[in-house]
1. Name the single residue that is surrounded by the fewest Cβ atoms within 10 Å (Cβ to Cβ) among those in segment 187-213 being among the aliphatic types (A, V, I, L, M) and closer than 23 Å to PHE154 by Cβ.
2. Please enumerate the residues belonging to segment 214-227 that are more than 15 Å from ALA157 (Cα to Cα), modelled with pLDDT of 90 or more and surrounded by fewer than 15 Cβ atoms within 10 Å (Cβ to Cβ).
3. Using the structure shown, decide if ALA230 is surrounded by 15 or more Cβ atoms within 10 Å (Cβ to Cβ) and either closer than 16 Å to ALA152 by Cα or under 32 Å from the mean Cα position of the chain (by Cα) (or both).
4. Failed condition for LEU184, given (1) in contact with a Ser or Thr (Cβ under 9 Å, 6 or more places away or on another chain); (2) farther than 12 Å from GLY232 by Cβ; (3) of a type in the set (A, V, I, L, M), with all others met?
5. Yes or no: segment 124-132 includes at least one residue that is modelled with pLDDT under 95, β-branched (Val, Ile, Thr), over 17 Å from the mean Cα position of the chain (by Cα) and not assigned by TED's automatic domain parsing to the domain that holds GLU228.
6. Just to verify a result, which residue in segment 93-151, among those that are loosely packed, with under 15 Cβ neighbours inside 10 Å and among the basic types (Lys, Arg), is nearest to ARG68 (Cα to Cα)?
7. Hey, does segment 200-215 have a residue that's touching a residue at least 12 places away in the same chain (Cβ under 8 Å) and under 28 Å from ALA111 (Cβ atoms)?
8. Residues to consider are THR96, THR143; find the one that is in contact with a Ser or Thr (Cβ under 6 Å, 6 or more places away or on another chain), of a type in the set (Ser, Thr, Tyr) and within 28 Å of ASN174 (Cα to Cα).
Amino acid sequence: MRSIFHNKFLVSLTAVLMCASILAARNLLVPARARAQTSAATLMMTWRAQSYVPEYFLGKALPSPNARIVVALEVLESGRRANLSGATMYWYVDDTLISNTPGAQSISLLASDAPGVVREVRAEIHNYNGRDETLVKTIRIPTIVPQAVVEAPFANASVASPSFTLRARPFYFNIADPTKLLYLWDVDGKTPNALQDPSVLAVTLIDPQPGRTMQTTLSIQNPGKTEEDATGALTITFNP
């Protein structure tokens, strides 16, 4: 009896192993492209604002009020960019549908007209690749105020030489050419004489006593947008 049970067990085990081998072989025979179709697709979005930042700046150019923003999408599947030429993208801005054009992988919009307000952009692709699947991605884009930075060629606002140069650095202004901005300097309550380059201020301390401080204020204005301006300040200490 034990021998009969043992033989039946071996036969059953052998059958299971044979089925597993057949399934594994069939899987190996399936083309790689067919298997890739079941891979998860990921919708990705990127955006850029047409706000000015200095060339050396490595951060994100954030939009100031009413700045133009371009948002683009792509789908990654099995590590590759998918061909979306025949797909319809549904673009929403703050829950309002603004585009559903086939093949439109990017849109253009304006930032909010008020700082601190966030634009919510959502993209959807329905029945992706003929499957009962909807790809969705949402991003949020903040609106910030422009900034004016007084750039000094020394650390900790401490200078050892009585003569030095300060530079005005505008950030996030809704303009392409920074030379069209208006730069206004104030040094210890006095306005410097006409500058050849308004964004550069050459300073020579008249009474360079150790420990002396100098208060510098910079105002930057966008003549084309009266509501767009920024102010920065820097207190400099003379330590020879």
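The values are calculated or read from the model by the stated rules, or taken from the named source; none is laboratory data. The model shown is predicted, which means the values in this text are computed figures rather than measured ones. In this analysis, Cβ positions are derived from the backbone assuming ideal geometry, glycine residues included, and neighbour counts consider all displayed protein chains.
1. Narrowing segment 187-213 to residues among the aliphatic types (A, V, I, L, M): 187, 194-195, 200-203, 205-206.
If we keep only those that are closer than 23 Å to PHE154 by Cβ too, we end up with 187, 195, 200-203, 205-206.
Details: VAL187: 16, LEU195: 12, VAL200: 14, LEU201: 19, ALA202: 12, VAL203: 17, LEU205: 15, ILE206: 6.
So the residue we want is ILE206.
2. Scanning segment 214-227 gives a single hit, PRO223.
3. Judged against the criteria, ALA230 is a match.
4. Here LEU184 meets the rest and fails (2).
5. For segment 124-132, residues modelled with pLDDT under 95, β-branched (Val, Ile, Thr), over 17 Å from the mean Cα position of the chain (by Cα) and not assigned by TED's automatic domain parsing to the domain that holds GLU228: absent.
6. ARG140
7. The answer is no; no qualifying residue exists.
8. THR143
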